[in-house]
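Trainee: Structure provided below as structure tokens; questions to follow.
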Amino acid sequence: QGKQDLTGKRVLISAGGTREYLDPVRFIGNPSTGKMGLALAQAALHRGAKVTLVHCPASWNVPLGVKGISVISAAEMQQVMLKQLGNADIIIMSAAVADVKPRDYSAEKLPKCALPENLPLAPVPDIVAELGKIKQPQQLLIGFAAQTGDIITPAKEKLQRKKLDAIVANPIDKVDSGFGSENNQAVLIDKAGNEREIPHCSKLEMAHYLFDFVVGNL
Ligand code: C5P
């Protein structure tokens, strides 16, 4: 039995990497496996929360007791997150959302010779920024920023621009961290700009660290 300090709280989590299809077999994607979002769902469930996990195609199953909603593209994730927003006290966007999609979609598989040399791209919606604009003041919105090199400066910029309550600056150029790993490391930055180092640990430990922060800020 866990701490149960999220009893009565509704937690909405997004996980995994969106896929933006060009045709039925080809897509723009990224290496996210959704394991951080899965760990967040497990931790929140353990602490007594009611958990909804909006996830992209993944190699794992949604834990028993968690409401899973599967999506593929950023547009689908946007629709679901907007619909679920009103049912959530804590929202954590750990999904790696594609920034662009192929401008055109072909319902038929394109023959190789029909693939353009320069693929026209179109932007996808910034989901968490939209949530940041319409969320209620008592709702806590947390984002992730997968970064290389200086992880802090771009993460702080995203925290402000997307109107988040906190952001997890997550290095993806360190060994055994980030995409696909069982482990992770990060710097948690709150709205006031305070930085808390989360040393290299399992994704489940990192999830609990995040919820310790959340519980202290509810
Ligand atoms: O991709 P970026 O580094 O800007 O991601 C920062 C945060 O914004 C993450 O929490 C990610 O889930 C979210 N995001 C989003 N929609 C996008 C791109 C990113 O919600 N189109």
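Trainee: Can you tally the net charge around Val214? Count Lys and Arg as +1, Asp and Glu as -1, for every other residue whose Cβ sits under 14 Å from the Cβ of Val214.
Mentor: Net charge in that neighbourhood comes out at +1.
Trainee: Taking N as the number of residues in the range 127-190, what is its alpha-carbon radius of gyration divided by 2.2 N^0.38 Å?
Mentor: 1.16
Trainee: Quick one: if you stick a label point 7 Å off each Cα along the C-beta vector at Asp99 and Leu218, how many nm between them?
Mentor: Result for the modelled spin labels: 3.5 nm.
Trainee: By the gyration tensor of its Cα atoms, with a ≥ b ≥ c the square roots of the eigenvalues, what is the shape of the chain: rounded for a/c under 1.5, prolate for a/b over b/c, or oblate?
Mentor: Taking the square roots of the gyration eigenvalues as a ≥ b ≥ c, the chain is prolate.
Trainee: About its Cα centre, what dipole magnitude does the range 59-218 give when the only charges are +1 on Lys and Arg Cβ and -1 on Asp and Glu Cβ, stated in debye to the nearest 20?
Mentor: Here the size comes out at about 460 debye.
Trainee: Please give the peptides 143-151, 86-94 ranked by average Cβ packing (other Cβ atoms within 10 Å per residue), highest first, as a rough proxy for protection.
Mentor: Listed from highest to lowest mean packing, they are 86-94, 143-151.
Trainee: Take the alpha-carbon centre of the range 46-107, take the same for the range 176-218, and report the distance between them in whole Å.
Mentor: 20
Trainee: Working from Cα positions, state the angle (0 to 90°, nearest 10) between the long axis of helix 35-46 and the longest principal axis of the chain.
Mentor: The two axes meet at around 30 degrees.
Trainee: Express in nm, to one decimal, how much length is gained between Leu82 and Lys133 on full extension, taking 0.36 nm for each residue of separation and deducting their alpha carbon distance.
Mentor: 17.2 nm
Trainee: How high is the relative contact order of the chain, in percent, counting Cα pairs under 8 Å that sit 6 or more residues apart?
Mentor: Normalised by residue count, the contact order of the chain is 20 percent.
Trainee: Report, in degrees rounded to the nearest 10, the 0 to 90 angle that the Cα long axis of helix 203-217 makes with the longest principal axis of the chain.
Mentor: For helix 203-217, the angle is close to 60 degrees.
Trainee: Where does the range 1-120 land on Rg(C-alpha)/(2.2 N^0.38 Å)?
Mentor: 1.24
Trainee: Below 8 Å between Cα atoms, with a sequence gap of 6+, how large is the relative contact order for the range 170-211 in percent?
Mentor: 29
Trainee: While we're here: Show that you can apply the helix-only estimate: for the chain, add -39,500 (n - 2.57) for every DSSP H stretch of four or more residues, divide by all residues, and state [θ] at 222 nm to the nearest 500.
Mentor: Calculated mean residue ellipticity at 222 nm is -8000 deg cm²/dmol.
Read the figures in this text as sums done on the coordinates, not as results from a lab. Keep in mind that what you see is a predicted model, and the values were worked out from it rather than measured. Cβ atoms come from the backbone with ideal geometry, glycine included; neighbour counts cover every protein chain shown.
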